[in-house]
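The values are calculated or read from the model by the stated rules, or taken from the named source; none is laboratory data. Fair warning: this is a prediction, and the values are worked out from it, not measured in the lab. Quick reminder, even Gly has a Cβ in these numbers, built from the backbone with ideal geometry, and neighbours come from all protein chains shown. Accessible surface is based on the protein model in full, side chains and every heavy atom, while ligands, DNA and RNA are left aside. Shrake-Rupley method; radii C 1.70, N 1.55, O 1.52, S 1.80 Å.
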Amino acid sequence: MDTALAVLTHSLGLSFEFASDPLMSRVLEVARTLPSTYVPPIGYKIGGPLLDNVHNHAYAENLLSLTNQASKFGLTIFGDGATIVKSLLVNILAAGVNNPSAMLDIVDCTKPVQQAFR
C-alpha cells in the first residue's frame, strides 16, 4: 500500500503530505467497507455530478456558518476582480463572526464590459 500511495502521489504531482491527509484516511476507511465489485467513477462523473454535489454541500455549510448569529453581529460583504484569460470576473465574498471568508458568487462581467466599450 505504501508503494502504491507513493506512485500515485508522485505520478499525479500531489503533495507528499497527500498520504497522511485526513481526507485520504477517510477514503481508505470507506474503501475497506466496499464490495470487491466496486468500480470507481469515471472522470466525467467526478468532474460533473459528484463535484456539483460537493460544491452544493460546501456552499450550504458556508451559508449556514455565515448567517449563524448574523442578526446579532452582522456581515461584511467584500470582493475583488480578476482577469482569467479574457474573462473579467468579480468575486463576491462575505465574512461573519463564524466564517471569515465565504464565497457567495463569481460574476462574469466580460459581456457587459465589452458592450459598454462599443
**Fill in**
Treating only Lys and Arg (+1) and Asp and Glu (-1) as charged, each at its beta carbon, one finds that region 42-118 has a dipole about its Cα centre, in Debye to the nearest 20, of 200
**Request:** Match the structure shown to one of the listed values [x] 0.96; [y] 1.10; [z] 1.02 of Rg/Rh (Cα atoms, Kirkwood Rh), computed from it, and give that label.
**Result:** [y]
**Request:** For region 28-118, give the percent of accessible area contributed by carbon and sulfur heavy atoms, probe 1.4 Å, rounded to a whole number.
**Result:** 62
**Request:** Distance from a point 7 Å along Cα→Cβ of VAL30 to each backbone N in region 47-69: keep the residues under 20 Å and list them by number.
**Result:** 47-62
**Item:** Extension reserve of the LEU63-GLU17 stretch, reckoned as 0.36 nm per residue once the Cα distance is removed
**Value:** 13.6 nm
**Message:** So, for the chain, what is the accessible surface per residue at a probe of 1.4 Å, expressed in square angstrom?
**Reply:** 80
**Item:** Lys/Arg +1, Asp/Glu -1 at C-beta; the chain dipole; positive extreme among GLN69, VAL113, ALA4
**Value:** VAL113
**Request:** Place the peptides 5-17, 91-103 in order of packing, highest mean first, counting for every residue the other Cβ atoms within 10 Å and averaging per peptide.
**Result:** 91-103, 5-17
